[in-house]
Amino acid sequence: MALVIGVTGGIGCGKSTVAQAFSTLGIETLDADDLAHAASELGGSAYPDIVALFGSAAVQTDGTLNRAFIRRQIFADPALRARLEAIVHPHVSAETVRRITQWQGPYGLWIVPLLLEKPGLRERADRILVVDCPEAQQIARVTASRGLHENEIRAIMAAQYSRDQRLALADDVLDNSGLLENLTAQVAQLDRFYRTLANAR
C-alpha cells in the first residue's frame, strides 16, 4: 500500500497549491473537502440528512445547498457544526478508504483541513505535512480568493489549531509564504524524501 502523507494547514495556507505541485510530479492526491462536497451536493449520499438538519432555508431554488448560509450557521453554533460533521464524515471516511487503497504510486497526499483537530484522523497518515504561512497572509489570500469578510475568516481559523500548534505536530513543513518557485523547490525535495521512505518500507 502507498505511503499516506497527511497534508494540513490553516485556511488560505495553500494546501491546494501544494497538491497541484505534487500532482505535476505524478503523485496522486485526495482532498477531503472534495469528498465532503460530493457527498453533500444535490443527489449526494449525505444531502437528504443535511437538508433535514438545516431545513428549507439551506436549499436554493435549483435544489443545491446554500453553502454560505450553512457556513454562517455552523461557525456561529459549534453544536450544529458537530451535528453536520456527524452526518458528512462517515460518507467521507468510507470513500477515503476506498480511494487510498487504489493508489498506485509509492506515496500519495491526503489533504484534510482538520487532520490534527479531529480525533482518529492523524493516525491514518504515515506522516504529517503542514503547509505554513503567516496568519495575516492567510486572511489576505482568503479575502482575495473567496470574498469572505475578515470576521468570517477568523471564525474559521478559530475552529482550527493555531499556527504554533500545527507546527508542533508536523513531521514536515512546507513554507508557502513566498514565491511559487520557492514552493516548487521544497516540493521537489520532499518528493525525493517520500519516495525514499516508501521504497524503504
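The values are calculated or read from the model by the stated rules, or taken from the named source; none is laboratory data. Note that the coordinates shown come from a computational prediction; the quantities given were computed from them, not determined experimentally. Positions of Cβ are backbone-derived with ideal geometry, glycine not excepted, and every protein chain shown enters the neighbour counts.
Miscellaneous remarks
- Boolean, N182 is surrounded by fewer than 19 Cβ atoms within 10 Å (Cβ to Cβ), in a helix (DSSP H, G or I), touching an Asp or Glu at 6+ places or on another chain (Cβ under 8 Å) and not charged (D, E, K, R): yes
- Selection within segment 85-113: residues that are touching an Asp or Glu at 6+ places or on another chain (Cβ under 9 Å) and farther than 14 Å from L30 by Cα. The member of this set that is surrounded by the most Cβ atoms within 10 Å (Cβ to Cβ) is V88.
- Top-ranked residue in segment 143-179 [being surrounded by 13 or more Cβ atoms within 10 Å (Cβ to Cβ) and among the basic types (K, R); ranked as nearest to A68 (Cα to Cα)]: R154
- Only one of the numbered conditions (1) closer than 30 Å to N151 by Cα; (2) touching a residue at least 12 places away in the same chain (Cβ under 8 Å); (3) assigned to a helix (DSSP H, G or I) is violated by I74, and that is (2).
- Subset tally (residues that are over 11 Å from L129 (Cα atoms) and in contact (Cβ under 8 Å) with a residue 40 or more places away in the chain) for segment 163-179: 4
- Take the conditions (1) at pLDDT 95 or above; (2) surrounded by 15 or more Cβ atoms within 10 Å (Cβ to Cβ); (3) assigned by TED's automatic domain parsing to the domain that holds L197; I11 misses just one of them, which is (1).
- Checking each residue in segment 120-134 for being surrounded by fewer than 16 Cβ atoms within 10 Å (Cβ to Cβ) and more than 15 Å from the chain's Cα centre (by Cα) picks out G120, E123, P134.
- Residue check, T61 surrounded by fewer than 18 Cβ atoms within 10 Å (Cβ to Cβ) and among the hydroxyl-bearing types (S, T, Y): yes
- Criterion: outside the structural domain of V130 (by TED's automatic domain parsing), assigned to a helix (DSSP H, G or I) and either surrounded by fewer than 16 Cβ atoms within 10 Å (Cβ to Cβ) or in contact with a helix residue (DSSP H, G or I) (Cβ under 9 Å, 6 or more places away or on another chain) (or both) - qualifying residue of A21, A68: A68
- Single unsatisfied condition, R99 versus (1) modelled with pLDDT of 95 or more; (2) over 24 Å from A46 (Cβ atoms); (3) part of a helix (DSSP H, G or I): (2)
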